[in-house]
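Okay, structure first, notes after.
The values are calculated or read from the model by the stated rules, or taken from the named source; none is laboratory data. Treat the numbers as computed from the prediction; the structure is a model and nothing was measured. A quick note on method: Cβ atoms are made from the backbone with ideal geometry, for glycine too, and the neighbour counts reach across all protein chains shown. Each accessible area value is taken on the protein alone, full model and side chains, heavy atoms only, with ligands, DNA and RNA left out. Shrake-Rupley method; radii C 1.70, N 1.55, O 1.52, S 1.80 Å.
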Amino acid sequence: MTDRSKVLVTGGAGYIGSHTVLALNAAGYDVVVYDNLSTGHQEAVLSPARLILGDLGDTEKLTDLLAREQFSSIIHFAASIVVPESVIDPLKYYQNNTIKTTGLILAAVRQNVEHFIFSSTAAVYGIPDHIPVPETAPLAPINPYGRSKLMSEWVLQDVSRACPLFRYMILRYFNVAGADPGGRIGQSTPEATHLIKVAAQTALGLRQELQIFGTDYPTRDGTGIRDYIHVSDLAEAHVLALKNLQDGNGSGIYNCGYGHGYSVREIIAAVQKIGKTRIPTAESPRRAGDPAELVSDPKKIRQDLDWQPDFDDIEKIVESAYHWEKNRTF
Ligand code: UD1
């Protein structure tokens, strides 16, 4: 009999993983983090969570760990996530994301892990026909990153059909931003390209200027629109997804976003307000593969999981990201 409170979190030293570990610990779970620290930080894994250093490709180490600790559930974050890099080096993405995820699922099924929560992405929708995007929208990723994640979704669904005791939750993240409101952790991913982080760094003088990628989109001010979700609300969605599976409910796929978007210029204005400064900007051509607008339809997660976000406010998101960037210790 597995202990329901024991959860393995791969990639738990990374940005979204570490915030989810805090939420799991607050909800009383006993968490072990498995991370190779390729982009994560040891300092992001706070007690009582335990960190085990290891790569998902190390099948022996992983299998030993699963056999020893008898986890009931796995939350799988560890992945490569930089879209332009995935175009230049697709094999890194199929290897790190699809192949290693498949290896983890195999080890999980063999060790009788019952619940699996998977970090997926809005990138599986590609350039959507309609906004907001429901989970039933066509799946048409336009880059290897999105395809590597979609293939993992299919592996999970096929395995669960064949082994009905193994159930999953696929969470498709929109644009994750912000930091722990208590200032304990934040986004410290090296060379992060995310708009809110880059804008906060520019406001603080850590970067010279912010490039606006595309000013001729068919949007209200010509710049790209995204659905920015606070990382702590996303962390809570993982806890709810896990509880839902543990209560005996079936597998599911959920969009994680708020259902409304902000343009690049609106984000810049919010960061300028919080930082009380002007951000130097340069208008640049569109970035390859960027859709004009990507906004989630969040009805399903709100209804099924009773997800009630606390930080659906762009100023709260920007403030926590700015605060972390200003005071970060790692
Ligand atoms: C993408 C992926 C997402 C992935 C994330 C991190 C898609 C649909 N989404 O999000 O799954 O997790 O990257 O790798 O592929 N922008 C600027 N200047 C900047 C940075 C961004 O103008 O310096 C603009 C972008 O053109 C875009 C918006 O800001 O319109 C958000 O960009 P970003 O934060 O990089 O996230 P996505 O590309 O939307």
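Here is how the numbers come out for the structure above:
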{"read-out": "Answer residue from the range 275-305, given it is farther than 25 Å from residue 322 by Cα and among the small types (Gly, Ala, Ser) and is nearest to the ligand (Cβ to nearest atom) among those", "value": "289"}
{"read-out": "Only one of 123, 177 that is more than 24 Å from residue 308 (Cβ to Cβ) and not hydroxyl-bearing (Ser, Thr, Tyr)", "value": "123"}
{"read-out": "Matching option when the condition is closer than 25 Å to residue 236 by Cβ, open to solvent by less than 10 Å² (accessible area, probe 1.4 Å) and either within 15 Å of the ligand (Cβ to nearest atom) or not in a helix (DSSP H, G or I) (or both), among 78, 179, 123, 137", "value": "179"}
{"read-out": "Qualifying positions in the range 110-120 - open to solvent by less than 50 Å² (accessible area, probe 1.4 Å) and of a type outside the set (Phe, Trp, Tyr)", "value": "111, 113, 115, 117, 119, 120"}
{"read-out": "Residue list for the range 81-91, restricted to those being surrounded by 15 or more Cβ atoms within 10 Å (Cβ to Cβ) and part of a helix (DSSP H, G or I)", "value": "83, 85, 86, 87, 90"}
{"read-out": "Residue 155 vs. criteria under 23 Å from the mean Cα position of the chain (by Cα), touching a residue at least 12 places away in the same chain (Cβ under 8 Å) and assigned to a helix (DSSP H, G or I)", "value": "yes"}
{"read-out": "Only one of 15, 94 that is touching a helix residue (DSSP H, G or I) at 6+ places or on another chain (Cβ under 8 Å), touching a residue at least 40 places away in the same chain (Cβ under 8 Å) and surrounded by fewer than 21 Cβ atoms within 10 Å (Cβ to Cβ)", "value": "94"}
